[in-house]
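The structure under discussion appears below in the form of structure tokens.
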Amino acid sequence: MPWYNNRKEQHMSQVVVAINRSNKIYRIAVSTLFFLQGLCFATWASRIPSIQQQMGLSESMLGLILFAIPAGSLLSLVISGALVTRFGSKRVAANALLLYSLLLPVIGLSATPVLLIVSLVCFGMAGNVANIAINTQAVQLEKRYEKNIMASFHGLWGLAGFCAAGVGSY
């Protein structure tokens, strides 16, 4: 105990170090959630032209089908808050993001426009539930840091978009 005057001071220092370490781990976890959600969305977005071509969709039909994602997002607004309140944002974020990613192959395997619409509505719902839960986690962490860090999370979402677009172009 070289520079501590007493045990209480040493204990308080250890608590501060533990809290700082905890905040860093929490920030890495929330950053990962933002990155993964951005990766999922951009993976889907990079595949839109190939899905359009596979299904032989006109521009207007594609536009109508793509409307399914915001429709799903709107539908999920009814349940998102209740889910986060009942189960907690951590659990909801993890499960919604898992569902969001599992819907990607479902979208790709949709054989008809109707199945594509249904899968995109579900994709929009899962994405919005994940978005609300992940942002709730970010707000809680921002309070712990006592400074604005939200932009860094959204920046990671955008960075994931670049990564997925690059991979999806192959």
How many of the residues in the stretch 102-116 are of a type outside the set (Gly, Ala, Ser) and either within 14 Å of residue 48 (Cβ to Cβ) or under 14 Å from the mean Cα position of the chain (by Cα) (or both)? 6
Here is a list of conditions, (1) at pLDDT 95 or above; (2) open to solvent by 20 Å² or more (accessible area, probe 1.4 Å); (3) of a type in the set (A, V, I, L, M); (4) farther than 24 Å from residue 156 by Cα, and residue 132 meets all of them except one; can you say which number that is? (4)
Checking 99, 159, 120 in turn, the sole residue that is over 15 Å from the mean Cα position of the chain (by Cα), outside any loop (DSSP other than H, G, I, E, B) and surrounded by 14 or more Cβ atoms within 10 Å (Cβ to Cβ) turns out to be 120
Scan the stretch 77-85 and tell me whether some residue there is in a loop (DSSP other than H, G, I, E, B), farther than 21 Å from residue 36 by Cα and not aromatic (Phe, Trp, Tyr). no
Quick check on residue 165: is it aliphatic (A, V, I, L, M), farther than 29 Å from residue 79 by Cα, part of a helix (DSSP H, G or I) and open to solvent by less than 60 Å² (accessible area, probe 1.4 Å)? yes
Tell me the residue from 161, 166 that is within 14 Å of residue 40 (Cα to Cα), touching a helix residue (DSSP H, G or I) at 6+ places or on another chain (Cβ under 9 Å) and in contact (Cβ under 8 Å) with a residue 12 or more places away in the chain, please. 161
Tally time: how many residues in the stretch 102-136 are touching a residue at least 60 places away in the same chain (Cβ under 8 Å) and touching a Leu at 6+ places or on another chain (Cβ under 7 Å)? 4
Verdict on residue 65 being in a helix (DSSP H, G or I), touching a Pro at 6+ places or on another chain (Cβ under 9 Å) and more than 24 Å from residue 151 (Cβ to Cβ): yes
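Return the total of residues in the stretch 38-53 being free of Cβ contacts under 8 Å to residues at least 24 places away in the same chain and either within 18 Å of the chain's Cα centre (by Cα) or surrounded by 13 or more Cβ atoms within 10 Å (Cβ to Cβ) (or both).
2
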Tally, over the stretch 80-90, of residues that are open to solvent by 60 Å² or more (accessible area, probe 1.4 Å) and free of Cβ contacts under 8 Å to residues at least 24 places away in the same chain: 4
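The values are calculated or read from the model by the stated rules, or taken from the named source; none is laboratory data. All figures in this text were calculated on a predicted structure; none of them were measured in a lab. For neighbour counting, all protein chains shown are included, and Cβ atoms are generated from backbone atoms with ideal geometry for every residue, glycine included. Ligands, DNA and RNA are excluded from the accessible area calculation, which covers all protein heavy atoms including side chains. Shrake-Rupley method; radii C 1.70, N 1.55, O 1.52, S 1.80 Å.
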